[in-house]
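What follows is a set of notes on a single structure, which appears directly below.
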Amino acid sequence: MNIAEALPRNAQRFPKKPALVDGKRRLTYKDLHLRTNRLGNYLLKQGIRPGDPVALSCGSRAEHFEILFALAKIGAIAFPFDYHWSAREGEAMIEFSEPRAFIVEGRDETRELWQRVCECSGPGNSLGIEMSTGAGTSYEEALSSSPADDPGIQVSGKNIFLVMITSGTTGFPRGCAVNHETYLRRCINNIAGKELSQNERALSMLPLHFNAGRGSMMRMLYLGATVFLQEKFDEKVFLEIVEGEKITYTMLVPALCNRLLQCEKLDQFQTSSLDYVGITGGHLSRDVAQGMIERVCPRLYEAYASTDCGPMTVLAPEDRASHGDSVGRPIPCVMLKITDEGDEEVPSGSEGEIFVHTPLAIQGYYRNPQATDEFLRGGWCRTGDVGFVDPAGYLHISGRRKLMIKSGGISIFPEEIEETLLRHPAVAEAAVVGVKSPQWEEAVKALVVLKKGASLDRESLIRFCKESLASYKAPKFVEFMPSLPRTGLGKINRGKLEEMNRA
């Protein structure tokens, strides 16, 4: 079971069918198969061998997938870098991964990172390929100088395919190592039971260097679908492509759904071709979910997943009306248990930490056995999330254990307060953090972005929260902000918020 086996199969089944379409090129499945052979052969000729780490830093373009499939064909380990990383972050990742080669897109954001690669490269780490003229070997030159024959390397499904960098909430990210077999299982699992086929026309607007963006499109390429790539999310461009290309499938995060619904021209576009909108990276609020169903696509699939554990539950379209406050039920290959602080399972309906038993979990953290042991507990994977399972078997998430606020000895989850804040008609975005308090140890602070043209005062907002929440959960402090810091995937940047509000 090797993820790269999808390419010769699809090249045989649909040789002339478009596989990847970006702003620069349109590749058929035959093109993609042969180009990945050429890149794989070039890397082998330069001394790259199975098990060697190879870093890549490029945006949402066809080459991103070419590199992944080429590395899969020769058994090398892919290390995708975020080209927005600072030189310090890039250097730390280079020292961590020790890549034998680095394939980088020639753009302003990567110049400093590329220079740092050259400085950090040792005698055996000097191979560089750039996707434009400049330092290193030209990407297209590398391909044109190599044969299109199959590289001829036997790669086991147990070999590590990819080291996925977790976004994390605090501290430096960890490298989640996943083998071919597990990654392929993730692709197949995400297809099963959702009526997806090779006829999908998929639009990618999530960054490919993030696991959700990459994984959602890898499963489409495994199927034999056509994937349209966009560098970044733009509401009007999204709607134009959906209408013009008759897009059937896309993945979004809640923040992008919110932006889409606020687009003044939304109702001027035809989105009826959309048959599947996957939601990842957080839970949709009731109002945003309803807006998406009524104005964009009635079939929303909301997944509870993580880089470490893979997909765990799904809230299907038919379940949203009755169980929309949950994240759905476990997918067929996943078992859940809820535990107390001593890792003992608690009675049904009780709240505790969520553990999963799943064949979709990573093989461990790259070069970090201690973190691997902490994550894997007797065959069960620790999610770090707190929640409960209701009598109908639906999972409810209370929040992240790491984000918990301790106020007066009481545990408070920011997510619950944020959900309440977002129900206020004047609130566009909201985040909650704990700030130091001499009286309460920590106090709840709300950071709020108002909707365009709306006005609201602190006291009114706190009163609104107390109508739905216990008084101790209501914010003690409120700060109105023009915007909230976000990661490249659109998630609220918790680390940045904590840093901004640290006393």
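The values are calculated or read from the model by the stated rules, or taken from the named source; none is laboratory data. Fair warning: this is a prediction, and the values are worked out from it, not measured in the lab. Methodologically, a virtual Cβ is constructed for each residue, glycine included, from the backbone with ideal geometry; neighbour enumeration extends over all protein chains shown.
Here are the numbers:
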{"quantity": "Some residue of the range 416-431 being among the hydroxyl-bearing types (Ser, Thr, Tyr) and in contact (Cβ under 8 Å) with a residue 40 or more places away in the chain", "calculated": "yes"}
{"quantity": "Output for the range 342-368, where each listed residue is part of a loop (DSSP other than H, G, I, E, B) and free of Cβ contacts under 8 Å to residues at least 12 places away in the same chain", "calculated": "342, 344, 346, 347"}
{"quantity": "The range 61-104 - residue that is modelled with pLDDT of 90 or more and outside any helix (DSSP H, G or I) and, of those, surrounded by the fewest Cβ atoms within 10 Å (Cβ to Cβ)", "calculated": "61"}
{"quantity": "Members of the range 424-445 that are within 20 Å of residue 287 (Cα to Cα) and in contact with a helix residue (DSSP H, G or I) (Cβ under 7 Å, 6 or more places away or on another chain)", "calculated": "424, 427, 430, 431, 432"}
{"quantity": "Residue match in the range 155-170 (condition: in a strand (DSSP E or B), buried (at least 20 other Cβ atoms within 10 Å of the Cβ), modelled with pLDDT under 90 and more than 19 Å from the chain's Cα centre (by Cα))", "calculated": "no"}
{"quantity": "Residue that is modelled with the lowest pLDDT, among those in the range 448-487 that are surrounded by 17 or more Cβ atoms within 10 Å (Cβ to Cβ) and under 23 Å from residue 252 (Cα atoms)", "calculated": "487"}
{"quantity": "Selected residue (only one of 325, 385, 340, 373 is modelled with pLDDT under 95 and under 20 Å from the mean Cα position of the chain (by Cα))", "calculated": "385"}
{"quantity": "Among (1) touching a residue at least 40 places away in the same chain (Cβ under 8 Å); (2) in a helix (DSSP H, G or I); (3) in contact with a Cys (Cβ under 9 Å, 6 or more places away or on another chain), the one test that residue 209 misses", "calculated": "(2)"}
{"quantity": "Residue among 299, 286 that is outside the structural domain of residue 424 (by TED's automatic domain parsing), basic (Lys, Arg) and touching a strand residue (DSSP E or B) at 6+ places or on another chain (Cβ under 7 Å)", "calculated": "299"}
{"quantity": "Any hit, the range 345-355, residues being on the phi < 0 side of the Ramachandran plot, of a type in the set (Val, Ile, Thr) and surrounded by fewer than 17 Cβ atoms within 10 Å (Cβ to Cβ)", "calculated": "yes"}
{"quantity": "Scan of the range 390-427 for residues that are surrounded by 18 or more Cβ atoms within 10 Å (Cβ to Cβ), of a type in the set (A, V, I, L, M) and at pLDDT 85 or above, ordered by number", "calculated": "395, 397, 417, 421, 422, 427"}
{"quantity": "Per-region count, the range 1-46, residues under 25 Å from the mean Cα position of the chain (by Cα) and of a type in the set (A, V, I, L, M, F, W, C)", "calculated": "10"}
{"quantity": "So residue 384, is it in contact (Cβ under 8 Å) with a residue 12 or more places away in the chain, closer than 30 Å to residue 466 by Cα, touching a Pro at 6+ places or on another chain (Cβ under 8 Å) and small (Gly, Ala, Ser)", "calculated": "no"}
{"quantity": "Some residue of the range 280-287 being among the hydrophobic types (A, V, I, L, M, F, W, C) and at pLDDT below 95", "calculated": "yes"}
